[in-house]
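Remarks on the structure that follows.
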Amino acid sequence: MNKINPNSFCDINFVRDGKGQPVILVHGIAASLHDWSDLAFQLRDAGMETIALDLPGHGDSCKPEGLDHYHLENVFDTMVVWIRDLELDAPPILIGHSMGGYLILEYALRHPEQTLGLILIDPFFSQNQIPALMRLSYRENMIAAAARRSVPGWFYDWMIDTISLLNPGRYFLKHDLPQPVRRQMADNYRHAAPGIYRLPFTARNLEPYLPNIITPALVIYGTRDTTLDPRSFARLINLLPNAEGKSLKAGHVPHQSNPEETNQCILDFMARSF
């Protein structure tokens, strides 16, 4: 593990492995760099340098006190300085899931010359993607409960197991996520700072700006995503001038529920595009 101090906001924890074309992996909300372990190994074995980080408030990166620190612009600025301080030999390919997708879309908008390609997995790009009921519940209940530290540790194990069992992914009444993945996801929730639940509600709507992103892009998404409206991903593909899409019979985390299919899509896209 490595830590740098890109600015006064946050120390960033990250892992860096391999040599070759740099690939940066950016996780979603209440996740961590461990979400990318399987994909990172495959990319390294394919001759690439992989770099995965814990975003502020997540994993082993710093967790500033106070909800006001948790704004996506702060997170984005910290990520930009962190990437600069990596001193990469070439512009990176950026891979982002959910909120990580938002961050790499922002990066491609603001630093197109420093972005070789984008791989977006069930990406977040507008608050309109969040179902109304989830928007209200997530914003009010989760922030309040987490801020009071009133969520017992076992609750996250129960929550992830229930979601995995009931999620309308590949199976009916059978776990969508392998047991090690479920335990890692629950651990990610336990380590997350309360303020992270505020982050999606500080995002700007990226839709008007998406046609300006000419970077080659691949959008992989689960057709049975219940966290973000799956219809929004087709709209994203149409708005990005140089994008292709791949839908999978999956929920919100195809890189964890369908790793073989997802990883192969990514490797094939890289082989033909870069």
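Bear in mind these aren't lab numbers, they're just calculated from the coordinates by the rules spelled out. Nothing here was measured: the structure is a model prediction, and the numbers come from that model. Here Cβ is always computed from backbone atoms with ideal geometry, including for glycine, and neighbour counts include all displayed protein chains.
Taking Lys and Arg as +1 and Asp and Glu as -1, the other residues whose beta-carbon sits under 9 Å from that of residue 195 total 0. Packing around the peptides 76-87, 190-201, taken as the average count of other Cβ atoms within 10 Å per residue, puts them in this order, highest first: 190-201, 76-87.
Going by Cα centres, the range 190-250 and the range 31-67 are how many Å apart? Rounded to whole Å, the Cα centres lie 19 Å apart.
Residue ranges 64-75, 39-50 sort as 39-50, 64-75 when ordered by packing (mean number of other C-beta atoms within 10 Å per residue, highest first). A simple packing score, the average count of other Cβ atoms within 10 Å per residue, orders the peptides 20-29, 230-239 as 20-29, 230-239, with the highest score first.
Taking 0.36 nm per residue of separation and subtracting the Cα-Cα distance, full extension of the segment from residue 89 to residue 127 would add 10.2 nm. For the range 85-131, the spread of Cα coordinates along the three principal axes comes to 41, 18, 17 Å, biggest extent given first. Neighbours of residue 237, meaning other residues whose beta-carbon lies under 13 angstrom from its beta-carbon, give a summed charge of 0 when Lys and Arg score +1 and Asp and Glu score -1. Percent antiparallel among DSSP beta bridges with both residues in the range 1-126, to the nearest 5? Of those bridges, close to 35 percent are antiparallel.
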